[in-house]
Amino acid sequence: MKRHLNALRCQVELVGVLTSEIPPRLIEISRSGCLLESGHRIEEGTVGALRLEVDGQGYREDVRATRCVAIAGSGSAYLVGVEFLQT
């Protein structure tokens, strides 16, 4: 007696988010974005949340890195340009 086993096939797409906290120093800020100094390289296109505290008031904005340039002679410091995302 032969048995036929029907295999059930399914495709699963797993989505995950990897987060890390990178403490930047705010250099400049404008309506469209800001310039940060960071001790870590941040890839262009990276999306994240920027949290600022000004005079005890907390702010949080979603941002996307538009450029990251090593600061010459600094060892491992980078200038990171980020744009504010409209949410």
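The values are calculated or read from the model by the stated rules, or taken from the named source; none is laboratory data. The model shown is predicted, which means the values in this text are computed figures rather than measured ones. Cβ: placed from backbone, ideal geometry, glycine included. Neighbour counts: every protein chain shown. To get the accessible areas, we keep the full protein, side chains included, count just its heavy atoms, and leave off ligands, DNA and RNA. Shrake-Rupley method; radii C 1.70, N 1.55, O 1.52, S 1.80 Å.
From the list Gly81, Gly56, pick out the single residue that is in contact (Cβ under 8 Å) with a residue 40 or more places away in the chain and small (Gly, Ala, Ser).
Every option except Gly81 fails the conditions.
Name the one entry in Val47, Val80 that is within 12 Å of the chain's Cα centre (by Cα), open to solvent by less than 60 Å² (accessible area, probe 1.4 Å) and within 20 Å of Ser20 (Cβ to Cβ). Break it down into steps so the answer makes sense when it comes.
Values: Val47 fails: open to solvent by less than 60 Å² (accessible area, probe 1.4 Å).
Step by step, each of Val47, Val80 is checked, and only Val80 is within 12 Å of the chain's Cα centre (by Cα), open to solvent by less than 60 Å² (accessible area, probe 1.4 Å) and within 20 Å of Ser20 (Cβ to Cβ).
Pull up the stretch 62-76, narrow it to residues that are under 12 Å from His40 (Cβ atoms) and in contact with a strand residue (DSSP E or B) (Cβ under 6 Å, 6 or more places away or on another chain), then point me to the one that is surrounded by the fewest Cβ atoms within 10 Å (Cβ to Cβ).
Ala70
Among the residues of the stretch 50-77, which ones are more than 20 Å from Val17 (Cβ to Cβ), hydrophobic (A, V, I, L, M, F, W, C) and part of a strand (DSSP E or B)?
Of everything in the stretch 50-77, those that are more than 20 Å from Val17 (Cβ to Cβ), hydrophobic (A, V, I, L, M, F, W, C) and part of a strand (DSSP E or B) turn out to be Leu52, Val54, Cys68, Val69, Ala70.
Identify all residues within the stretch 33-44 that are open to solvent by 60 Å² or more (accessible area, probe 1.4 Å) and modelled with pLDDT under 95; write none if there are none.
His40, Arg41, Glu43, listed by residue number.
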